[in-house]
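The values are calculated or read from the model by the stated rules, or taken from the named source; none is laboratory data. Since the model is a prediction, treat every value here as computed from it, not as a measurement. Using ideal geometry, Cβ is built from the backbone for each residue, glycine included, and neighbour counts are taken over all protein chains shown.
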Amino acid sequence: MYVSLLIGLAVSVGAPAAKDPPKKEPTIIGQWVGETAVAGGMNLPVPEGGIAFTFAADGVLTVTESNKPKPDAGSYRVDPKKDPAEIDLIPPADKREVVLQGIYRLDGDTLTLCFRPGAPGAGRPKSFDSPAGSDVIVMTLRRAKRE
């Protein structure tokens, strides 16, 4: 019995430990509901009935406002390796005046977008601030609950 106990102990000590599954990087893919928006230091109202942003894995962005008959579609691209992470919001070709260059921050189920919708070449914001008189917009979105 002593020998079988030692063999069992040796096998369990020598066995490789179970590996933790690889951690999934947080992603903006999914549906997000608008909570707050600030432009030029002033709070903007959330559209009546709400607004939702859906970021698809293939780069398609759909913005749905409950008071509009159909959603707006465009595309997006992100670079999460930058600090802060960068996002470009690209309107559909028939409405494309300028690509909105922005930054984003993902904190759990909260997504903060910051962009400058001004003229081409206005540049990407460097921080998540929208001081009075600026043309910077900061939006806070909450991940939609899955049903």
In the range 103-145, anything in contact (Cβ under 8 Å) with a residue 40 or more places away in the chain and part of a strand (DSSP E or B) is listed as Tyr104, Leu106, Leu111, Ile137, Val138, Met139, Thr140, Leu141, Arg142, Arg143
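Can you pull out the strands (runs of 3 or more DSSP E) entirely within the range 44-100 that have at least 2 residues that are more than 14 Å from Cys114 (Cα to Cα)? Don't jump to the end; show me each part of the working.
Working: elements: 51-55, 60-65, 72-79, 85-90.
In the range 44-100, the matching strands (runs of 3 or more DSSP E) lie at 51-55, 60-65, 72-79.
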Could you look through the range 60-81, keep only residues that are loosely packed, with under 15 Cβ neighbours inside 10 Å and of a type in the set (Asp, Glu), and pick out the one that is modelled with the highest pLDDT? Asp79
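Does the range 71-85 hold any residues that are among the aliphatic types (A, V, I, L, M) and in contact (Cβ under 8 Å) with a residue 24 or more places away in the chain, and which are they? So that I can check it myself, show each step before the final result.
Let us first name the residues in the range 71-85 that are among the aliphatic types (A, V, I, L, M), namely 73, 78, 85.
Residue satisfying the conditions is Val78 alone.
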In the list Ala57, Ala144, Ala122, which residue meets the criterion of being under 18 Å from Trp32 (Cα atoms), surrounded by 14 or more Cβ atoms within 10 Å (Cβ to Cβ) and not basic (Lys, Arg)? Ala144
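The rows are residues; the columns are (1) in contact with a Ser or Thr (Cβ under 8 Å, 6 or more places away or on another chain); (2) modelled with pLDDT under 95; (3) loosely packed, with under 15 Cβ neighbours inside 10 Å.
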{"site": "Pro45", "(1), (2), (3)": "no, yes, yes"}
{"site": "Glu48", "(1), (2), (3)": "yes, yes, yes"}
{"site": "Glu86", "(1), (2), (3)": "no, no, no"}
{"site": "Pro91", "(1), (2), (3)": "no, yes, no"}
{"site": "Glu97", "(1), (2), (3)": "no, yes, yes"}
{"site": "Thr112", "(1), (2), (3)": "yes, no, no"}
